[in-house]
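*Asks:* Structure in structure tokens, see below.
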Amino acid sequence: MEKIPYDLVLDIQRKVNIVDVIGEYLPLERRGKNYFAICPFHDDHNPSMSISSEKQIYTCFVCGASGNVFNFVMNYENISFTEAVSKVAKKAGIDINYHDTKKVYKKDDENDKYYKMFDITSKYYQNNLKSVYGKKAIQYLNQRNLDGNVIKEFEIGLSMNDNNLSKILKNKGYDVNDLIDVGLCGKKDKYIYDVFRNRIMFPLYNLNGQVIGFSGRIYNNEENESKYVNSKESVIFKKGSVLYNYHRALNEAREKHQIIIVEGFMDVIRLFTIGVKNVVATMGTAITKNHASLIKRMSKNVILCFDGDKAGEKATLSALEQFEKIGLSPKIIRLEDDLDPDDYVVKKGKDAFFTHFANPLSDVLFKLDVDKKNTNFNDYKEVSNYLNLAVKELEKIDDKVIYELTLKDLSKQTGVDVSTINEMVSNKPKKVTNIIDKRIISNKDKYTKAEEYLIYYMLRNKDAIYLYQNKVSYLKDKRLSRIAMEILEFYERNKYINTTDFTIFLEDKTELINEVLRIDELNLPLEVSTDVLNDYIKTIDEGIIKKEIEKVKEKIKTETNVAKKIALLEKLRNLKKKECK
């Protein structure tokens with residue numbers, strides 16, 4: 001893609017607020033003049049990413065990820081710097097009117113043929129439903145309260161009781177073995193047939209909204225048929241990496257700062273019909289580590305609404321374990337009469353569902369409820385076991401108010417005094433401690449510190465830039481030396497310097513940007529005298545001479561040629577003279 005000029009990029013950056021943009025991706029909480037979020041670039045359990053509205057930069061104090069608004073979008077969405085600039089411009093409603101028509105996405109050439117197969121198949125099924133052969137299927141969907149808008153939104157279709165799809169795909173040149181591998185066709189002897197026949201077809205999508213499989217449902221009450229037939233896992237369809245409706249729910253979840261997780265795709269569609277659009281499904285499989293990480297990126301406020309039966313309860317407990325590993329505490333909705341969300345809304349109505357939705361259980365109360373159901377409170381030993389399990393949950397509570405309320409509930413349930421239960425708890429809620437900036441490393445020699453301090457002032461002081469230009473040959477630290485050269489180039493072009501604009505100039509040089517922003521946070525006075533800057537330069541020169549002395553000493557140890565050894569000794573003597581000045 002053609003490079004977007006720096007001046008245009010800078011203009012876009014000045015017309016957006018980094019807080020608003022990152023707020024579309026992550027839930028933010030305000031602390032003083034900055035905002036904080038769970039860092040998406042490492043396994044973060046407490047908000048350690050700071051977003052500065054004043055400086056228009058973000059910084060994680062744990063992993064060191066940092067940059068401007070474009071760097072965040074680039075790293076979060078795994079796209080190029082130029083693509084990130086275009087995306088931010090669009091978010092701000094700015095028409096950059098630039099040559100971005102040459103945009104090239106990373107294309108998985110090896111799997112592209114499979115995506116095309118499924119796209120053709122999905123369109124074929126949708127056309128079937130619209131034809132005269134789809135009347136009964138549409139009647140069935142309407143009876144299930146799925147109208148034309150929902151059918152269109154979720155691209156619902158119909159497979160016919162023939163093998164036309166196989167013929168169409170073969171005629172388009174697709175290899176029969178590939179069609180069999182992804183589960184669209186089957187083979188018996190030499191006979192090729194459609195796997196899905198006479199079923200209402202629900203496309204299954206990957207995270208980008210591409211069709212990667214289907215779930216086919218009977219609608220003519222065939223007694224000997226399975227209710228659902230699903231695509232088998234394939235090279236592009238892995239249940240543990242897929243969340244149904246992710247591509248639709250992503251922006252909704254970020255806007256509402258909440259995501260609802262259900263088990264099946266029909267639960268998603270049903271909730272969509274009553275206005276709940278920030279919802280995804282696990283496709284009937286247990287929540288995986290990959291699922292949990294994807295969900296965390298959507299929102300840290302998670303609601304689990306699995307089926308109301310025993311299996312749903314077990315799945316909820318399993319999901320809570322995965323979320324606990326990444327520092328999230330979901331809330332839970334439990335539906336009565338063993339119903340799943342789809343059946344619940346159909347049988348009891350949306351108002352009944354929204355009553356549950358407004359009053360979800362905390363993860364702790366849910367686990368205590370499960371343990372309570374299995375406890376005989378007339379048996380002191382079982383009460384003791386129940387309390388021991390409850391104490392383990394109490395130790396996970398950080399909020400003091402929630403802790404005390406739960407403590408009182410447990411006392412009421414068991415008849416055991418509050419103080420007795422409190423004594424059983426080892427880890428009681430503590431005050432939230434300040435985040436320690438783990439990027440700061442104190443065990444640096446004075447020469448490296450002098451180089452960093454000089455860079456610090458070069459980022460805000462033209463005198464420091466002139467002194468570097470005229471008096472410093474190079475810096476011992478290669479990264480700092482590269483930063484210094486970039487500062488010189490920036491200043492020569494723009495005749496000014498400030499940190500945020502400089503990071504934009506660095507574009508996608510993430511390593512340098514992280515180092516620049518770390519140095520920019522050093523606790524140094526904002527004003528500096530020429531004498532102090534000269535002292536830094538003197539120390540830098542001492543460091544360079546010291547390094548040269550060490551190099552020469554090493555050469556002397558291994559040099560066998562007498563003349564060369566004498567020359568090295570003379571060089572060492574001259575360097576030591578310089579060192580003593």
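The values are calculated or read from the model by the stated rules, or taken from the named source; none is laboratory data. Please read all numbers here as calculations on a predicted model, not as lab measurements. Here the Cβ is made from the backbone with ideal geometry for all residues, glycine too, and neighbour counts use every protein chain on show. Areas reflect the complete protein model, heavy atoms only, side chains present, ligands, DNA and RNA absent. Shrake-Rupley method; radii C 1.70, N 1.55, O 1.52, S 1.80 Å.
*Asks:* Where a ≥ b ≥ c are the square roots of the eigenvalues of the C-alpha gyration tensor, would you call the stretch 213-294 rounded, which needs a/c under 1.5, or, failing that, prolate if a/b is larger than b/c, or oblate?
*Replies:* Values: a/c = 2.67, a/b = 1.43, b/c = 1.87.
Taking the square roots of the gyration eigenvalues as a ≥ b ≥ c, the stretch 213-294 is oblate.
*Asks:* Any idea what the relative contact order of the chain is, in percent, if you count C-alpha pairs under 8 Å spaced at least 6 apart?
*Replies:* Reported relative contact order: 11 percent.
*Asks:* Please list, ordered by chain and number, the residues whose modelled amide H lies under 5 Å from the amide H of Gly67; skip anything fewer than 5 residues away on the same chain.
*Replies:* Counting only residues 5 or more places away or on other chains, the set is Tyr58.
*Asks:* Convert each backbone phi in the stretch 549-563 into a coupling constant with the Karplus relation 6.51 cos²θ - 1.76 cosθ + 1.60 (shift: θ = phi - 60°), then list the ³J(HN,Hα) values in order as whole Hz, x for Gly and Pro.
*Replies:* Values per residue, Gly and Pro as x: 4, 4, 4, 5, 4, 5, 5, 4, 4, 9, 6, 9, 6, 4, 5 Hz.
*Asks:* Also, I was wondering about something else. Compute the accessible area per residue over the chain, keeping the other protein chains in place, probe 1.4 Å, unit Å².
*Replies:* With all protein chains present, the chain gives 53 Å² per residue.
*Asks:* Whole-Hz Karplus ³J(HN,Hα) for the stretch 487-492, in order, using 6.51 cos²θ - 1.76 cosθ + 1.60 and θ = phi - 60°, x for Gly and Pro?
*Replies:* Once θ is set to phi - 60°, the couplings for the stretch 487-492 become 4, 4, 5, 4, 5, 4 Hz.
*Asks:* What is the spin-label model distance, in nm, from Ser481 to Arg493 if the labels are put 7 Å beyond Cα along the C-beta direction?
*Replies:* In this crude spin-label approximation the distance works out to 2.3 nm.
*Asks:* Per-residue HN-Hα couplings for the stretch 184-194, Karplus 6.51 cos²θ - 1.76 cosθ + 1.60 at θ = phi - 60°, whole Hz, x for Gly and Pro?
*Replies:* With coefficients 6.51, -1.76 and 1.60, one gets 8, 10, x, 9, 10, 6, 9, 8, 9, 9, 6 Hz.
*Asks:* Moving to a separate point now. Taking the Cα centre of the chain as the origin and placing charges on Cβ (Lys, Arg +1; Asp, Glu -1), which of Phe118, Asn78, Tyr457 is farthest toward the positive end of the dipole?
*Replies:* Going by the charge dipole, the pick is Tyr457.
*Asks:* In degrees, nearest 10, range 0 to 90: what is the angle between the Cα axis of helix 81-91 and the longest Cα principal axis of the chain?
*Replies:* Once rounded, the angle reads 60 degrees.
*Asks:* Could you run the Debye sum over the Cα atoms of the stretch 440-581, one equal point scatterer each and no solvent, and tell me log10 of I(q)/I(0) at q = 0.21 Å⁻¹, two decimals?
*Replies:* Log-scaled intensity ratios, in q order: -1.24.
*Asks:* Rounded to the nearest Å, what's the spacing between the alpha carbon centres of the stretch 346-401 and the stretch 191-233? Just the number, please.
*Replies:* The distance from the Cα centre of the stretch 346-401 to that of the stretch 191-233 comes to 38 Å.
*Asks:* Return the calculated 222 nm mean residue ellipticity for the chain, to the nearest 500 deg cm²/dmol, obtained by summing -39500 (n - 2.57) across DSSP H runs with n ≥ 4 and dividing by the residue count.
*Replies:* That calculation yields -16500 deg cm²/dmol at 222 nm.
*Asks:* Starting from the amide H of Gly213, placed 1.01 Å from N in the peptide plane, find each other amide H under 5 Å away whose residue is 5 or more places distant or on another chain.
*Replies:* Counting only residues 5 or more places away or on other chains, the set is Leu204.
*Asks:* If you don't mind, another one. Taking only C-alpha pairs under 8 Å that are 6+ residues apart, what is the relative contact order of the stretch 440-581 in percent?
*Replies:* So the answer I get is 30 percent.
*Asks:* Now for a separate question. Over the chain, one equal point on each Cα, no solvent: what is log10 I(q)/I(0) by the Debye formula at q = 0.06 Å⁻¹?
*Replies:* Listed by q, the Debye log ratios stand at -0.49.
*Asks:* Do the alpha carbons of any pairs in Lys227/Lys310; Lys289/Lys408; Lys167/Lys239; Lys90/Lys325; Lys91/Lys396; Lys167/Lys232 sit beyond 30 Å of each other, and which pairs?
*Replies:* As for pairs spanning more than 30 Å Cα to Cα, those are Lys289/Lys408; Lys90/Lys325; Lys91/Lys396.
*Asks:* Let me ask you something else. If you fit an axis through the alpha-carbon atoms of helix 510-520 and take the longest principal axis of the Cα set of the chain, what angle between them do you get, 0 to 90°, nearest 10?
*Replies:* It is inclined by approximately 60 degrees.
*Asks:* Calculate how steeply helix 246-256 sits against the longest principal axis of the alpha-carbon atoms of the chain, using the helix alpha-carbon long axis, and give the answer as 0 to 90 degrees to the nearest 10.
*Replies:* The angle comes out at about 70 degrees.
*Asks:* Continuing with this model, one more query. Can you list the residues, at least 5 places off or on another chain, whose amide H is less than 5 Å from the amide H of Asp340, using H built in the peptide plane?
*Replies:* Distant-sequence amide H within range of Asp340: Gly308.
*Asks:* Also, quick follow-up: Could you work out how far apart the two model spin labels at Tyr76 and Asn534 are, taking each label as a point 7 Å from the Cα in the direction of the beta carbon, and quote it in nm?
*Replies:* In this crude label model, Tyr76 to Asn534 measures out at 4.8 nm.
*Asks:* Given Cβ point charges of +1 (Lys, Arg) and -1 (Asp, Glu) and nothing else, what value in debye, to the nearest 20, does the dipole of the chain about its Cα centre take?
*Replies:* Around 1620 debye, computed over the chain.
*Asks:* Which value, in debye to the nearest 20, describes the size of the charge dipole of the stretch 447-581 about its Cα centre when Lys and Arg Cβ atoms bear +1, Asp and Glu Cβ atoms bear -1, and nothing else is charged?
*Replies:* Values: 27 positive and 25 negative charges, 231 e Å.
So the magnitude is around 1100 debye.
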